[in-house]
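Okay, structure first, notes after.
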Amino acid sequence: MAQDQKTTCFFVAGIPVPKGSAKAFLRPGAKIPTVMQDNAEKQKPWSSSIGYAAQQAGVTMAPKGQPVKIDLIFYFPRPKGHYGTGKNAETLKASAPANHVTKPDLDKLVRCVLDALTGIAWNDDAQVQGVFATKWYGDAPGVEVEIEACEWAIKPNKTGE
C-alpha cells in the first residue's frame, strides 16, 4: 500500500465556493471570443482562504513528481426551509434531507481547492493522484482538508487487483 511521508490536516471556515465555468461569447462585431468567469468575485476570496489556512497549518510543497492524495469534506449550512417555524424554529423537519445533494457540484468544489493549493502543496495539481471528497450539511460551514504526500508501493493492474 502507501507509505506515509507527511500528512497535514486543516479546516477552512466559510461557505465553500465552486470553481466557476468559463463562458465564451462574442460581442457584436468582435472576431475573438471574450471569456467571462461567472463567480470569480466569490471564488477569489474562498481560494485565498484555502491558501492561507494551508500555510498556517504548515503545508509544505511536495517535490515535483511525488504523488499526493487529498481528502476533502465540504460542510454547508442547512437552508431555513429545513427547520420548523415559531417555537420549532430550531427543530429540523422530518422531511429535511439527510444528505447534501444539491448544487454546488462536488467536482467544481474539488477543482477550486486543487487550484487554490497549487504552488503551496504541489507544483501542479497533476501531482494529485487520489481524491476522496464528500459534501454534507453541518453546523460549521467550510471544508476539512487532509493532504498526504506518499510513495505508492503497489501499482494496480488494469483490473485493479
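The values are calculated or read from the model by the stated rules, or taken from the named source; none is laboratory data. This structure is a prediction, so every number in the text was calculated from the model and none was measured. All Cβ positions, glycine included, derive from the backbone under ideal geometry; neighbour counts span all protein chains shown. Heads up: the accessible areas ignore ligands, DNA and RNA and are worked out on the full protein's heavy atoms, side chains in. Shrake-Rupley method; radii C 1.70, N 1.55, O 1.52, S 1.80 Å.
Site pair A40 and E146 shows an inter-label distance of 3.6 nm when each label is modelled 7 Å from Cα along Cα→Cβ.
Database remark: amide H of K6 closer than 5 angstrom to the amide H of A149 (H placed geometrically; neighbours at sequence offset of 5 or more, or on other chains; Pro and chain starts carry no H). For the residue pairs K64/K103; K31/K108; K44/K135; K6/K80; K31/K103, the alpha carbons lie more than 32 Å apart in K64/K103; K6/K80; K31/K103. Close amide H contacts of W122 (hydrogens built in the peptide plane, cut-off under 5 Å, sequence separation of 5 or more or a different chain): A62. Label positions at N99 and K80, each projected 7 Å from the Cα along the C-beta direction, are separated by 2.9 nm. Between the listed residues I73, T91, A54, the Cα displaced farthest toward the positive end of the dipole of region 49-123, a dipole computed from Cβ unit charges relative to the Cα centre, is found at T91. For K108, the solvent-accessible surface with a 1.4 Å probe is about 50 Å², rounded to the nearest 10. Residues in region 83-91 carry Karplus couplings, in order, of 10, x, 10, x, 5, 9, 4, 9, 9 Hz; the curve used is 6.51 cos²θ - 1.76 cosθ + 1.60 with θ = phi - 60°, and Gly or Pro positions show x.
Per-residue surface analysis assigns I15 an accessible area of about 100 Å², computed on protein heavy atoms at 1.4 Å probe radius. With R₀ fixed at 30 Å, the C-beta to C-beta distance from V131 to A30 puts the FRET efficiency at about 0.20.
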